[in-house]
Each structure stands twice: as structure tokens, then as C-alpha cells.
Amino acid sequence: MFKPLMLFFSSAVLLQTGVMAQQGAELPSSAGASYVIRAGKLIDPETGVATANQTIAVKDGKIVAIGANVTAPSGAETIDLSNYSVLPGLVDAHNHLALTYKKVPENDVYYYTYIGDSTALRAIQAASNGMQMLSYGFTVVRDLGNNGLYADSAQRIAIEQGWIPGPTMINSGIIIGASGGQFAPTPEMAKQHNIVYPEYIEADTRDELVKAVRENILFGAKVIKICVDCQAYPYTVDDMKFVVKEAANAGMKVAGHVQTQEGARRAIEAGIWSIEHSVALTNELHKMMAQKGIWRVGTETPFTEYSGSKEEFDRTVAGMKSAYANGVKMAFSTDADYYVPGMTRGQVVINFLKSWKASGIPDKEVLKIMTTNGYKVVDIYDKRGPLKAGFPADMIAVKGNPLENIDALRSVVFVMKDGLVFKRDGVMTPEKFLHGGPVNGWDIH
Ligand SMILES: [Zn+2]
């Protein structure tokens, strides 16, 4: 039964593509679209070099050539960015697109958001948040859980199949934690698993850990997230080694939410891929992380009129200085999961530049952290991110030079994602991304 069905679908797709090609007006996806982009400056964040007057040729969603003298693909549309700097897209290595807690009605207590907002509603919120992120230049988001019953997988799949525009997502599915997850549930909640429980998979034993990892992968996770020390019974080094091995069996990395020094020490010893949040990280722990090459996904919240306190912020900034001085691998990350009236998710996220500026880390390095390091920590560096021939055409343009002034990233005027223009002259133009069917393939999961 399976094979004839496949054939049926394949021929239907061919037929549809043929019809589209004949009509020639609407593009079914980035297939067939070609552009020549004239960049006033082309920024390579990895080397910190800006090269003047470069051209990028894009075809069928991919970069086909970059340089001073590039042959345009036939029929290519020219995009003039000669007054701008063109650079690879930005990465937020820790976000929660399908969670938005609010002052009203839940007084910013996200426990209540889980009760008030269904997974379905949250998936739609995520679709919007994803576009808001893309508009601010974030072409990649690692989404680390608290997304109801796999709203994150639904969003990733919808983007990849070609239903909606959005960043490339590396999502964790449901966070795995010891009994209780990250919460202090009432016995009524914990025993019946009816309320707040889509947010965590409880896994205490080895059997439960294997099952939890596999279930997440089955339902669309691309990275495994565990809560290392959310309860009085943190995971042991052996527990975490076991999870790292089980995730590796499916080619995946493990991100660990860490909130205590003991948890951090254990996670480092277990060889976890990344430590999420920086509250527990000391100078000594930074040295250990640097030695073992463990990523610091610090989620460094700025002190603003809507977030944080001066004392907290001073500690955050001191931690960033310590990590940088010790040569720890750092990523730009936000833990953005809340609504600030008057701001989009993209604006909330880009405002984390305040923390990076306060850290004194040179702008050039911050740009590398937001791009090159981002592709590495989300584990896509060898297939997406850097601007080079053969890679997906994801890029942004800004006024000024972010290597010299990182605040240039605050006003992204142009965004291309997978070879299609999402934002132009500062205005979102998502039309080419919207389709009445899964144009990139119904079988993408
Ligand atoms: Zn988080």
C-alpha cells in the first residue's frame, strides 16, 4: 500500500509543479526564484572582515556565487543593497516561541499561561513570534521547550514544509526533568497529569529517560533539553552521560537547564553540549567549561524599564566578562517568552544587545557570537548560516557596519530566508512564503 501511495503523491506533485511553471506568475516556493544582490559591504563575521562592493547570486533558494565579478543567473531580479552592509542572519540560541506570558491576566506567572492558552493557540502565537524574529534578522532560533504539546515541532514543520515564513528552528520538544519537571505541582496536578503537564516529561529512571528522549525525537525534536537541577534530586553525572549517549544515538545534542553550581559541575563532567542560563556559573566553572569546550548559553537579560534589576544585571555582566576572559564558547540567547506591551518578540530579543555592550566584549566578537557561534551551538554550521556558495540563501542587511557598531543590528532593513525576500526597505513582504499547500514536501517532519 505504501509504495503506490508514494507514486500517486509524486505524480501529483509533478503535475502541480508543471502547472505552476506554465502559469509562471506565482512561485510555489523558492524553486525558480533567482536574485542578484548588490552589497555595499559584505560582512564576514567569522573573520571580522568587511569587503566593499560584492555581489551575491541566489537561485532556487541557494547561494550560487559570491564575489566582485559574479555572473547573474538568467532572469535574475536585482536587489540593490549598495548603501547597506549585507551579512549572515542572526541566531537566538534560546527562545520559547510558543510561550508568551503576560502581565494581564496571569501577572507574568507562566504557570498560569499553561492553563489559559491551549497548545493550538500557542502554535499560532509561535507562527507570529517567528515572523517577528525573522523581521529583526533572526534567521535561526533554537527553541528550548515549554511549548505545550509540541507546538514547537508544528511550527518547525510548517516552516520547513513551506506553509509560513519563519526562522530555521532547532526545537527541543518537551523538556525532560525529574519528577515535577521545573515546577512545584500540587499532588492533584502531579498525579493526574492533566494540568501543566504537557510542559514536562518526567523521567527519573533510565528506562524513563530513554523513553523520554525517543518520544521527543519521534514527535519532532532536533535537540534534547533536560532540566539538570530543577528539583532537590538533581540528575547525577551518570544520568546525564546516559542521556547524552541516547541523544547521540539519533545524532542529537543535549542542552541542560542549570540553576545551581552543583548542577553545573555535574553537567560539565557529564560532557553536556550546552549549559542554559548563567546564574550558577562562577569563574571556576567557566574555566572547566572552557577546558571541555562546553557552550555557555547564558540568556543574559538586560536591565530595562520592563526587565531585571541593577543588582541582577551587574552580576550578569560580571559573569559575561568572566566567561569571555576564560575563553568560554558563548552564544547569544534570550529565554524570551513574555510580552512587553509595545514591543514585538524581535524587539525584545534585539534589546539584549544592552547586556553584550555592557560586557565590554568588542563589537566584532559580539557579531561573531550572534552568527558564527550561533550556527555552531545549534549544530548547523556545516549546512546553513555562513554566506557561501551552495548554502541556503539566508542573509540580512543593515545600515552602517556592525563590526564597528553592534547597534547597527537594531535596524534590519532587508531579510532573505531560503532564497526568498521576507523584508525589503524595512517592510515585511511575506507573500512569497504563503501557500495553500506543503510546497516543499508533505513528508517533511
Ligand atoms: Zn528557557
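Against the numbered list (1) surrounded by fewer than 23 Cβ atoms within 10 Å (Cβ to Cβ); (2) among the acidic types (D, E); (3) in contact with a Leu (Cβ under 9 Å, 6 or more places away or on another chain), E215 comes up short only at (3).
Does I176 meet the test of being surrounded by 23 or more Cβ atoms within 10 Å (Cβ to Cβ) and either β-branched (V, I, T) or closer than 18 Å to A98 by Cβ (or both)? For I176, the condition - surrounded by 23 or more Cβ atoms within 10 Å (Cβ to Cβ) and either β-branched (V, I, T) or closer than 18 Å to A98 by Cβ (or both) - is met. Only residues that are within 16 Å of the ligand (Cβ to nearest atom) and open to solvent by 50 Å² or more (accessible area, probe 1.4 Å) were counted across segment 309-348, and they come to 1. Residue pairs whose Cβ atoms lie under 8 Å apart, separated by 6 or more positions or on different chains, with the first residue in segment 260-289 and at pLDDT 95 or above and the second surrounded by fewer than 21 Cβ atoms within 10 Å (Cβ to Cβ) and among the hydroxyl-bearing types (S, T, Y), are Q261/T282; R266/T236; A280/T260; L281/S322; T282/S322; N283/S322; H286/S322.
Could you check T113 against (1) of a type in the set (V, I, T); (2) buried (at least 20 other Cβ atoms within 10 Å of the Cβ); (3) modelled with pLDDT under 95; (4) more than 15 Å from the ligand (Cβ to nearest atom) and say which number it fails? T113 satisfies all of (1) of a type in the set (V, I, T); (2) buried (at least 20 other Cβ atoms within 10 Å of the Cβ); (3) modelled with pLDDT under 95; (4) more than 15 Å from the ligand (Cβ to nearest atom) except (4).
Filtered by the rule that a residue be under 20 Å from G342 (Cβ atoms) and either among the charged types (D, E, K, R) or in contact (Cβ under 8 Å) with a residue 12 or more places away in the chain (or both), segment 100-127 gives T100, Y101, K102, K103, E106, D108, T113, Q125. Contact map, segment 236-254: first residue in contact (Cβ under 8 Å) with a residue 24 or more places away in the chain, second residue among the charged types (D, E, K, R), Cβ cut-off under 7 Å, separation 6 or more or different chains; pairs are T236/R266; V237/R266; V237/E269; M240/R266; F242/R206; A247/K253; M252/K222; K253/D379.
What single numbered condition from (1) open to solvent by 60 Å² or more (accessible area, probe 1.4 Å); (2) under 20 Å from D204 (Cβ atoms) fails to hold for K292? Unmet for K292, out of (1) open to solvent by 60 Å² or more (accessible area, probe 1.4 Å); (2) under 20 Å from D204 (Cβ atoms): (2). Close contacts from segment 201-225, counting a first residue that is over 23 Å from M169 (Cβ atoms) and a second that is open to solvent by 90 Å² or more (accessible area, probe 1.4 Å) and charged (D, E, K, R), with Cβ to Cβ under 9 Å and a gap of 6+ residues or different chains, come to A203/K211. When segment 191-209 is limited to residues that are in contact with a Phe, Trp or Tyr (Cβ under 8 Å, 6 or more places away or on another chain) and not in a loop (DSSP other than H, G, I, E, B), the one that is surrounded by the fewest Cβ atoms within 10 Å (Cβ to Cβ) turns out to be R206.
The values are calculated or read from the model by the stated rules, or taken from the named source; none is laboratory data. Keep in mind that what you see is a predicted model, and the values were worked out from it rather than measured. When we count neighbours, we look across all protein chains shown, and the Cβ atoms used for this are built from the backbone with ideal geometry, even at glycine. For the accessible areas, the whole protein counts, side chains as well, though only heavy atoms, and no ligand, DNA or RNA atoms are used. Shrake-Rupley method; radii C 1.70, N 1.55, O 1.52, S 1.80 Å.
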